Amino acid sequence: MTQNYSPLLSLENVTMKFGGLTAVNDVCLKVFPHDLVAVIGPNGAGKTTLFNTITGIYTPTTGRVKFSDHDLKNTKSSDITALGIARTFQNIRLFKNLTVLDNIKLAKHTRIHYGFWSGIMRTKRFKAEEKKIEAECIELLKLFGLETKKDFYAKNLAYGQQRKLEMARALATEPKLLLLDEPAAGMNPTETKELTELIHLIRDKFNIAIILIEHDMKLVMEIAEKIFVLDYGNLIAEGSAKEIQSNKRVIEAYLGAEVNL
Amino acid sequence: MSQNFIYFLWDCLQYFINGIAQGSLYAMVALGYTMVYGIIRLVNFAHGEFLMIGAMCGFYALRAHLPMPAAILVAMLSSGIIAIAVERLVYRPIRKSGRIPALITAIGTSLFFQYFGQLVFGADPKTIPPFIDEKIYNLGEINVSNVQIAIFCITLFVLLFLFWLTHYTKVGKAMRAVSFNLPAAELMGINTNKIISFTFFLGAALAGLGGMLMGYTMSVEPMMGMNLGTKAFVAAVVGGIGIIPGAALGGFIIGIAENLVAGLYKSSFRDAVSFFILILILLVKPSGILGKNMKEKV
Amino acid sequence: MGYYHGILLLVGIFITLTLSLNLINGFCGQFSLGHAGFWGAGAYASAVYSVFYALPLPAPVNMLIAIAVGFIAAAICGLIIGIPCLRLRGDYLAIATLGFGEIVRISIMNTEMVGGPRGFINIPHLANIWWVFAVAFVIALFMFNLKRSAFGRAIISIREDEIAAENMGVNLFNSKLFSFTIGAGIAGIAGALFAHTQQFLHPSNFNFMWSVIILVMVILGGQGSVTGSIIGAVILTIVPEALRYAGGTVAEWRMTIFPVLLIILMMAKPEGLFGAHEISFRKRSEG
Amino acid sequence: MKLKGLPHKFLACLMTLIISNSLYSAETLKVGVVSPITGATATFGQENVNGIKLAYEKIKKAGGKKFDLIIEDDKSDAIESTTATRKLINIDKISAMIGEPTSSLALASAPIVQEAKIPFITPTATNAKVTQVGDYISRACFTDDFQGVVMAKFAVNTLKKKKGLVLIENTSDYSKGLAKSFTDEFLKMGGKMASTEELTYAAKDTDFQSLMRKVKRANPDFIFVPGYYVEVGLIIKQARALGINVPFLGGDGWDSPKLFEIAGPAVKGSYISNHFAPDDKDPVVQNFVKDYKKVYGVNPGGFAALGYDALGIMNAAIQKAKSTKPADINAVLVATKDYPGVTGKITFDANRNPKKAAVVLEAKENGFVFHSKVNP
C-alpha cells in the first residue's frame, strides 16, 4: 500500500532504555490518516512501552516521534492529547468514582473554551457550552450502548462495558489518532465480534487512524490493514496479515507461545 | 588568622562531633521507621510514641532499683510489645483500606499515646541517668564524652546487626522478600503477618533502646515522641526510605546539621533545619540519597 | 462574646478552613499536613496589616483589605511550597507540608514584631459572625460551582488517576498548583477572619495538631464533598466541646477519646461519612 | 448552605440538650478554673490544679459561703483556652475565675473575662501585660520585673559579684522579661556583663555545649539563667562537666525537684528567687506543705503554692463580699490587703499586682533550702 500524502505519525529510530534494559530498539514506523494498524508481539516485546513513548509518558532515549508536523519531544502528555492522540490503557484506567457521563465530559477538557470565572459564576456561556458538551457526550455513549448507564459510577460497570467506556472516553478527546491497548482482553467471542465492528465503525465515522495492540490474533488478522511485529524491542516485521502469517522471523518469535497463526 | 576565626573552626568541629552523637540517636529511631515503611509502606507516626513508652517503662524499672542493663531490656521489650499490639489491633485491620486512612490511623494512634501518656505517667518530664558514668575528655578546644562515643558505637553495632539479620538469617530474608513484594512473598509461603509483627517489634525495640540512651541529654515526657518521631522520619526519607543504611546516613546528616545551625546561628531554628533539608533532598532526589528511583507502571 | 457565639464563630471559620483543605486533599488528592501553616500565615499577615499598616478607611473596607492580605500571603506561601513539593506524591508530600507548617510556626515564634511566643495581642475587632458565615457561604458556593465546571472536573480527575487525567489533556502540574495555591489562599482568608474575631493570635494554634484536626474534618465529611466538609467542620468543632459535659472521667479523657473515635471511623468508614457525594434530595442511581 | 440560616437558638438548644444535666442546676456560687491539664505545658497546669484542689478542700471544711469549683482543661492551646473561658462564663455562670497559669494563654482569655466583668486571678502569669488588660484582672504572683531586681540586688549585695553573664531562653517572654529587668538593675548597681554577645538558647534544647564554650571564654563570676528547670538542669550539668564552676542564679522557673534529678549535685551552690520556700518556718507554709504531701506524696512547688493562694485570695474576697455578684467580689478582691498566703503576705497595688516578699533559695545537694527573704 503506498500513499503519496504525508504520514500522521512517524517514529524515527526510536529507542527507549530503562537502565540496562532496552525496551524499544531503533524502531521506525509510519501511520497514515485513516489507517487501521496493529502492533503485535510476545509478552514483554515493548508494545505498551511504544504507546507510552508516543503519548509522552516516556521520553525516548534517542530518536524522534513526529505527529503531523509536530516533534513530540518535550511535549507534555496533556499537550499531546490536545494535538490529537488519544489512548486506552491495558489495565483500564477509568475515573472509578465518577459517573460514566463525567468520565466522558472530562475527556472534553481540551475542547472547552469558557474561562475559569465563567465556570464559577455559572455564566450563560458556561451553561451553553456545558449543555453542548453534554449532548455530544450522550451521543457518544449511545454509540457504545452506554447511554442508559450514564449516571452509574464507572467502577460499577461490567468489565466489557468498562473497556467500551474507556474507548468512548478516548474518542471524546476528539483525536486524529487513537491508540487501543488490548481492547479485547477479557472479552468473550460475542463481545469481541461486536468490538470488531465497533472499531471499523469508529474509524469511518470519526475518520481517524487507529493503532491497536492485541493478543487476539483472530481479531488482528480480521481488521488490521497493516501489522507491525515487535520482539524484544525490535521491529522484526511489517506488512499485511498474509505477509505476516508467512514471515519466518515472526513464526520463530512466537514459537512456543500459545498463539496459533 | 584571628583568634575568633580559630575559635570558629574549633566550634564547627565540636558541633560536628556533637552532631554525630545526636545523629546516632536519630539513626536508631529512624531505623525502625524505615523498616516499617519498607515492609508495609506505612508512615508510622506512632513510632515516636513507642519510644516514649519504652523510655517511660525503663524509667520505672530504674526506679524499682533494677540495674541499668535490665532497665534497657525492659524498655526494649515494652516498646516492642506495644508495637506488636498496635500493629495487631489497629494497623492490620486498616491495611487494606488504602494509604490515607492508614496514615490518619497512624496519626490517631500517635495522638492517643501522647494524651494517654500525659494522664497515666503525668506530664512532668522524667530523667534517666546516663547508662554509664559520664566522663569528658578534653582535646584542645574539643570535648568528647565517653557517653557520646558509646552511643556512636552502639549505633554502629545495631547497624551491623541489622545487616547480618537481613542478609544471613531466614527471618531477615523473609523481611526483605515481604518488603520487595508482599503478595508474592505470601504466595511463596511466607507468613507475612508474622514477619510484619516481627518488624514492628524489632523497630520499636530499637526505639526503646534509643529512648534509654537519650537519657543523657533529654528528659522523658509524654509529648517527646512527636518531635523525635518526625525528625527520625525526616532522617529516614533523607537517607532513602526503606533502606537501612539510608536511615543511619539520614540520622547523621540531620544530627550534624541541627547542631551546626543551633551552635552557629540560633537554636530556635534547630527544628526548622531538618525540614529544610528534607524539602531540599526531596527536590534534588525524591527517593532519598541512597534510594532508587521507582516509576509507576502504566 | 458568648460561649455559643464563640463556638458558632469557630464553626464558621472551620467550615472555610475545611473547604480550603478539601480543595487540596479531597478534590485534587494531594495530601497536606501543614494546612494550619497557611492558616497561620494568613492570620498573622492580615493582623500585621490591621495593627501596623491599617489605612484610614472604614472598618469593613479595612477588613476586606485584611482578607485580601491574608489570602495573598497564604497563597504566596502555597505557591512557594507547591512549586517544589507538588512533584512529590503521597507520604512524601505529607511530610514536606508538615515540615513547611512547622517552619511557619517557628518563624512566627521568632518574630518579635508579632509577639513571638507570647502571642499577638490587640488586633482590632473588624469582623464578626456575619462576616465569618458570609465568607463561608461564598467559599462553599465557589467550591460547588468549581466542582461542576471543567476546572473542577480536571482537578478531581487527578485525584482519581493522575496518568489517565494527563491523558485526557489535563495539565497535572498547573492544576495541582492551582488547587494548592487557591486552597492555601482560602485558608489565609479563614486566618484573617480568625485574627479579627478572636483579636488574639498564638503560635500554638497553628501547629501540627491543628493541621491534623482540619484534615480529620475533611476526611470525616468525605473527601471531595462540599456538604460533607461543612458537616465535618460542624461535628468536629462541637463534639470535643460536648465531651466537656460528659462528666468527670470522660471529660478528663476527652483528648484520648478523640483519637480513638478517629481510628474507629477510619476502620468503619475510611471514605468518610459522605464519600465524595453531596447531600441532596435528588435520587441518583448507583448501579 | 443551610447552616447560615440556622438560628442561633437552635444550636443553643442542641447543646443544652446534651448538657442539660449540668446546666442551671442550682443557684450556688461557682468558681471556674482554666488550666492546661494536657498538652505542652501540662506539667505546670497539673501541679497548679493540685494546689487549687487542695485549697478548695480546706475552704469547704472551713465553712462560710459555699461555692462549686469547675475545672476546665485547655490543652495548652489558645483557642481551647478562650473557648473554655467562655463556657465557664456563659454556661456555668461563674462568679469568679482562677485563670491560666501561663502568661501567653492568660493574655488570650483575660480580655473575655474583662468584657464579662468577672473577677479573674491568675496564679502564676508573671508577665506585666496580663493585669494591664483591665480592672478585673489580678494575679497572685509577683511580676517578672520584681524577680529580676531581687536577683540583681542579691548578686551585688550578698554575693558581692560584679561580672555577670545572662543566658536567655529566646522562645520565652518570661525569660526575656526577667533577663531585661535583671540586667537593667545589675548595670545600675555597677555590675558588668562578661560578654557583649547576647547568649540565647531555645526551649527543648538538649545540647548546650556550644553555648557553654562561649560562656567559658567569657569567664564570668556568676551566670544568671532565667529559664525553666528542664533546660536549666542540662545547662548546669553540662557547664560543670566543662569545668565552669561559678555559681548559677535563676528565678522561679527553676523550682522543681526535677532540677536535681536532671543535674544532680551540680546544682549545689546556685541561688534562685522564688515565691515560697517549703522549709520556711512560717506555720502557714508548714501546714500547707504537710497537707500537700499527705494528698500528693511530694513537696509542693511554686505552681501548687500559687494555685493554692490564688483560690485562697479569691475565697477571702467571696466571703467578705456583700453579695455574690461578680462586681462586688471584685471590689473586695482588688482591695486585698495582708492576705496571709503561703507565698507571703499579699497586698494588691493599684494595678492589682501583689506587693509581697520574694524568698531567695540556696541549692544544696538534693534540694533548695530557704536562704533569705527580700522585701519589695
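The values are calculated or read from the model by the stated rules, or taken from the named source; none is laboratory data. Just so we're clear, the structure is a prediction, and the values are computed from it rather than from any experiment. Quick reminder, even Gly has a Cβ in these numbers, built from the backbone with ideal geometry, and neighbours come from all protein chains shown.
Just to check your reading of the model, which residue among A:Glu174, A:Glu129, A:Glu166 is touching a Ser or Thr at 6+ places or on another chain (Cβ under 7 Å) and within 12 Å of another protein chain (Cβ to nearest Cβ)? Answer to the check: A:Glu166. If A:Gln90 satisfies every condition in (1) closer than 26 Å to A:Arg203 by Cα; (2) facing chain C (nearest Cβ under 10 Å) but one, which is the exception? The number of the failed condition is (2). Going through (1) within 14 Å of chain A (Cβ to nearest Cβ); (2) farther than 27 Å from B:Leu280 by Cα one by one, C:Ile163 falls short only on (2). Scanning region A:135-153 for residues that are outside any loop (DSSP other than H, G, I, E, B), surrounded by 14 or more Cβ atoms within 10 Å (Cβ to Cβ) and more than 9 Å from chain C (Cβ to nearest Cβ) returns A:Glu136, A:Cys137, A:Ile138, A:Leu140, A:Leu141, A:Leu143, A:Glu147.
Remark: D:Ile70 falls outside the filter, which requires a residue to be at pLDDT below 90 and more than 18 Å from B:Tyr115 (Cβ to Cβ). Quick one: would you say C:Pro58 is free of Cβ contacts under 8 Å to residues at least 60 places away in the same chain and out of contact with any helix residue (DSSP H, G or I) (no Cβ under 9 Å at 6 or more places or on another chain)? When the stated conditions are applied, C:Pro58 passes them.
Of all the numbered requirements in (1) more than 17 Å from C:Gly6 (Cβ to Cβ); (2) modelled with pLDDT under 90, D:Glu80 misses one, and that requirement is (1). Does any residue of region B:34-44 turn out to be closer than 17 Å to B:Ala235 by Cβ, touching an Asp or Glu at 6+ places or on another chain (Cβ under 7 Å) and of a type outside the set (Asp, Glu)? Within region B:34-44, one or more residues are closer than 17 Å to B:Ala235 by Cβ, touching an Asp or Glu at 6+ places or on another chain (Cβ under 7 Å) and of a type outside the set (Asp, Glu). Restricting attention to region C:55-86, the residues that are at pLDDT below 95, within 22 Å of the chain's Cα centre (by Cα) and either in a loop (DSSP other than H, G, I, E, B) or among the aromatic types (Phe, Trp, Tyr) (or both) total 1. If you take the residues in region A:104-124 that are more than 9 Å from chain C (Cβ to nearest Cβ) and touching an Asp or Glu at 6+ places or on another chain (Cβ under 9 Å), which one is surrounded by the most Cβ atoms within 10 Å (Cβ to Cβ)? Among them, the one singled out is A:Ile104. Scanning region B:108-143 for residues that are part of a strand (DSSP E or B) and either surrounded by fewer than 18 Cβ atoms within 10 Å (Cβ to Cβ) or not β-branched (Val, Ile, Thr) (or both) yields B:Lys126, B:Ile136, B:Tyr137, B:Asn138, B:Leu139, B:Ile142, B:Asn143. Checked against (1) surrounded by 22 or more Cβ atoms within 10 Å (Cβ to Cβ); (2) of a type outside the set (Phe, Trp, Tyr); (3) part of a loop (DSSP other than H, G, I, E, B), D:Thr196 meets all criteria but (1).
A residue that is on the phi < 0 side of the Ramachandran plot, of a type in the set (Gly, Ala, Ser) and assigned to a loop (DSSP other than H, G, I, E, B) occurs nowhere in region D:179-190. Taken together, the residues in region A:56-78 that are under 16 Å from the mean Cα position of the chain (by Cα) and either at the interface with chain C (Cβ under 9 Å from one of its Cβ atoms) or modelled with pLDDT of 95 or more (or both) amount to 4.
Scanning region A:110-134 for residues that are in a helix (DSSP H, G or I) and either among the polar types (S, T, N, Q) or more than 21 Å from A:Glu166 (Cβ to Cβ) (or both) yields a count of 16. Just one residue in the set A:Lys73, A:Lys17 is of a type in the set (Lys, Arg), outside any strand (DSSP E or B) and at negative phi; that residue is A:Lys73. Hey, does region B:116-125 have a residue that's within 14 Å of another protein chain (Cβ to nearest Cβ), among the acidic types (Asp, Glu) and under 30 Å from B:Asn191 (Cβ atoms)? No - not one qualifying residue is present in region B:116-125.
Yes or no, residue by residue, for (1) within 21 Å of B:Arg99 (Cβ to Cβ); (2) within 10 Å of another protein chain (Cβ to nearest Cβ):
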position: C:Ser179; (1), (2): yes, no
position: C:Ile189; (1), (2): no, no
position: C:His202; (1), (2): no, yes
position: C:Ile263; (1), (2): yes, yes
position: C:Met267; (1), (2): yes, yes
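Can you name the residue in region C:23-54 that is among the hydroxyl-bearing types (Ser, Thr, Tyr) and assigned to a helix (DSSP H, G or I) and, of all such residues, is surrounded by the fewest Cβ atoms within 10 Å (Cβ to Cβ)? The selected residue is C:Tyr53. Pairs meeting the criteria (first residue in region A:37-59 and under 19 Å from C:Met168 (Cβ atoms), second residue small (Gly, Ala, Ser), beta carbons under 7 Å, at least 6 apart or on different chains) are A:Thr55/A:Ser77; A:Gly56/A:Ser77; A:Ile57/A:Ser77. What helices (runs of 4 or more DSSP H) completely inside region B:175-286 contain at least 2 residues that are in contact (Cβ under 8 Å) with a residue 60 or more places away in the chain? Output list reads B:192-213, B:224-239, B:244-264.
With respect to the stated conditions, B:Val144 is in contact (Cβ under 8 Å) with a residue 60 or more places away in the chain and under 30 Å from D:Asp207 (Cα atoms).
When B:Thr109, B:Thr169, B:Thr105 are checked against the criterion of being touching a residue at least 60 places away in the same chain (Cβ under 8 Å) and either touching a Lys or Arg at 6+ places or on another chain (Cβ under 7 Å) or more than 14 Å from chain D (Cβ to nearest Cβ) (or both), B:Thr109 stands alone in meeting it.
Of all residues assigned to region D:349-369, none qualifies as being without any contact (Cβ under 8 Å) to a residue 40 or more places away in the chain and within 20 Å of D:Gly64 (Cβ to Cβ).
Of the residues in region A:27-36, at least one is among the acidic types (Asp, Glu), assigned to a loop (DSSP other than H, G, I, E, B) and on the phi < 0 side of the Ramachandran plot. Under the condition of being of a type in the set (D, E, K, R) and surrounded by fewer than 24 Cβ atoms within 10 Å (Cβ to Cβ), the residues counted in region D:88-105 number 2. Among the residues of region D:59-81, those that are within 7 Å of chain C (Cβ to nearest Cβ), buried (at least 24 other Cβ atoms within 10 Å of the Cβ) and in contact with a helix residue (DSSP H, G or I) (Cβ under 6 Å, 6 or more places away or on another chain) comprise D:Asp77, D:Ala78. Each residue in region B:179-236 was checked for being surrounded by fewer than 19 Cβ atoms within 10 Å (Cβ to Cβ), aromatic (Phe, Trp, Tyr) and modelled with pLDDT of 85 or more, and 0 of them qualify.
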